Amino acid sequence: MGWSSAVRHLACRDHFIGWTAEARKKNLPLIAYQTRYLILPWVEVKNLASYLLAVIARRIPSDWSRIYNHPVYLLETFVDPEKLHSRS
């Protein structure tokens, strides 16, 4: 799992938050973007992806603040609908 600073322009996010261009410029450093998330196909643990995201969501704010000297308030992650499936 990898995280980085957020994508500069993302219309759906900016619209959802209600940001103006000025607000986006000021607040963008407060968002972390998930750049990598891989669970190998042969790993079959029910709800593993959700569990890992929850663990990371609790951990990232303190790590981010320690490393970058400012808080992070929002985590962004994207799902490829073509690859999304439910394991029963």
Net charge near residue 18: determine it from the other residues with C-beta under 14 Å of the C-beta of residue 18, scoring Lys and Arg +1 and Asp and Glu -1. +1
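Do you know the relative contact order of the chain, to the nearest whole percent, from alpha carbon pairs under 8 angstrom that are 6+ apart?
Values: 68 pairs, mean separation 30.5, N = 88.
Reported as a whole number, the value is 35 percent.
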Using +1 on the beta carbon of Lys and Arg, -1 on that of Asp and Glu, and nothing else charged, what's the dipole of the chain about the Cα centre, debye to 20? 200
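Per the helix-only calculation at 222 nm, which mean residue ellipticity applies to the chain, given -39500 (n - 2.57) for every DSSP H run of n ≥ 4 and division by its residues, nearest 500 deg cm²/dmol?
Working: 3 runs with 35 residues, N = 88.
Helices in the chain give a 222 nm mean residue ellipticity of -12000 deg cm²/dmol.
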Residue-span extension gain [residue 47 to residue 82] - 0.36 nm each, minus C-alpha spacing: 10.7 nm
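Let me check I've understood the local charge: for residue 8, count other residues with C-beta under 11 angstrom from its C-beta, Lys and Arg +1, Asp and Glu -1. What total comes out?
Numbers: positive: 13, 24, 25; negative: 14.
In short, +2.
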Per residue of region 16-31, in order, report the coupling 6.51 cos²θ - 1.76 cosθ + 1.60 (Karplus, θ = phi - 60°) as ³J(HN,Hα) in whole Hz, putting x for Gly and Pro. 4, 6, x, 6, 8, 4, 5, 5, 4, 4, 6, 9, 4, x, 8, 10
Phi-based couplings in Hz for region 67-72 (Karplus 6.51, -1.76, 1.60; Gly and Pro marked x): 7, 9, 6, 7, x, 10
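Read-outs throughout are calculated quantities, based only on the coordinates presented, and are distinct from any laboratory measurement. Bear in mind that the values here come from a model prediction, so they are computed numbers and not experimental data. So basically every Cβ, Gly included, is an ideal-geometry build from the backbone, and we count neighbours across all protein chains shown.
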